[in-house]
Amino acid sequence: MKEELIKKAISEIENPTFETTKQYLEVHSVELENNRPKVERIDLESFDTTYAVYFPIQDELFFLVVHLNKKNGEINGVGTENGQRVYLTATSEHLTHNELSDLTKLRPLTGCNKNDLRKNGKSKHTFSRISFEPTKSQAYELEQKLKILLKEFEKDKNGIKKLTEKAETYISVCSSL
């Protein structure tokens, strides 16, 4: 089923039938993968009557979304969706990256140690940090991203509690509005 949905959605990108698609593609380009429109995500559950196929737009933080009818698989609309990021960060001036990591079972974690050089190579971090983002893809609605993050927290309530007790801990919500 997924392959058929992808094939129909890609067909709309390559040979637009909806005026909406034509208008978007006049000013934007869908990212390509192996010379074909790249599919970032297929959502089979979030909508009552449609499936959604997400295509990333080159150099933008939003997605072109092709909606297909659940009953007959036909395309019934095209729109855009803003990119969303939701993640947990914990920082400490006293604990190392490894010590912060050991407080939780959440994985994978990214971050840095105090005194590591920043990406620009001109200064050092004044704190250690871990970050946890359960879904790297930004092709989700904000509410979905929050639910995914909270579901992961449920798996490690004690670890989250330890992080909040021993480090500055916060949830970041970034939307490309």
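The values are calculated or read from the model by the stated rules, or taken from the named source; none is laboratory data. Because the structure is a prediction, the values reported are computed rather than measured. All Cβ positions, even for glycine, are placed from backbone atoms using ideal geometry, and neighbour counts span all protein chains on display. These area figures cover heavy atoms from the full protein model, side chains too; ligands, DNA and RNA do not enter into them. Shrake-Rupley method; radii C 1.70, N 1.55, O 1.52, S 1.80 Å.
For region 43-177, what is the convex hull volume of its Cα atoms per residue in Å³?
121
Which one, Ile10, Pro37, Phe153, projects farthest toward the positive side of the charge dipole computed for the chain from Cβ point charges (K/R +1, D/E -1)?
So the residue furthest toward the plus end is Phe153.
Select from region 116-177 those GluC sites (Glu not before Pro) which occupy a DSSP coil region and have at most 16 other Cβ atoms within 10 Å, ordered by residue number.
Filter output for region 116-177: Glu141.
Could you give the dipole magnitude of region 116-177 about its Cα centre, charging the beta-carbon of Lys and Arg +1 and that of Asp and Glu -1, in debye to the nearest 20?
My answer is approximately 300 debye.
Taking the solvent-accessible surface of protein heavy atoms with a 1.4 Å probe, what is the per residue accessible area of region 1-134 in Å²?
With the other protein chains kept in place, region 1-134 gives 59 Å² per residue.
Probe 1.4 Å, all protein chains in place: accessible area of Val30 in Å², nearest 10?
10
Considering only protein heavy atoms and a 1.4 Å probe, what is the carbon-and-sulfur percentage of the accessible area of the chain?
Carbon-and-sulfur percentage of accessible area, whole number: 46.
Express the relative contact order of the chain as a whole percentage, based on alpha carbon pairs under 8 Å and six or more residues apart in sequence.
Reported as a whole number, the value is 21 percent.
Normalised by the number of residues in region 74-132, what is the relative contact order in percent for Cα pairs under 8 Å and 6+ residues apart?
40
For a distance above 25 Å, tell me the whole-number percent of Cα pairs in region 1-102 that qualify.
32
Tell me, what is a quarter of the convex hull surface for the C-alpha atoms of region 90-149, in nm² with one decimal?
5.0
Take Arg85, Arg36 and sort them by solvent-accessible surface of the protein heavy atoms, 1.4 Å probe, largest at the top.
Descending order: Arg36, Arg85.
What size of dipole, in debye to the nearest 20, comes out for region 38-86 about its Cα centre when the only charges are +1 on Lys and Arg C-beta atoms and -1 on Asp and Glu C-beta atoms?
100
Going through region 14-90, which GluC sites (Glu not before Pro) have at most 11 other Cβ atoms within 10 Å and a DSSP loop state?
When the GluC sites (Glu not before Pro) of region 14-90 are filtered for loop state and at most 11 Cβ neighbours within 10 Å, Glu45, Glu74 remain.
Tell me what the chain gives for mean residue ellipticity at 222 nm when only DSSP H runs of n ≥ 4 count, each as -39,500 (n - 2.57), the sum divided by the residue total, rounded to 500 deg cm²/dmol.
Computed ellipticity for the chain at 222 nm equals -8500 deg cm²/dmol.
Would you mind working out the magnitude of the charge dipole of the chain relative to its Cα centre, with +1 at each Lys and Arg C-beta and -1 at each Asp and Glu C-beta, to the nearest 20 Debye?
My answer is approximately 800 debye.
In whole angstrom, how far apart do the alpha carbon centroids of region 113-129 and region 159-177 sit?
Between the Cα centre of region 113-129 and that of region 159-177, the gap is 20 Å.
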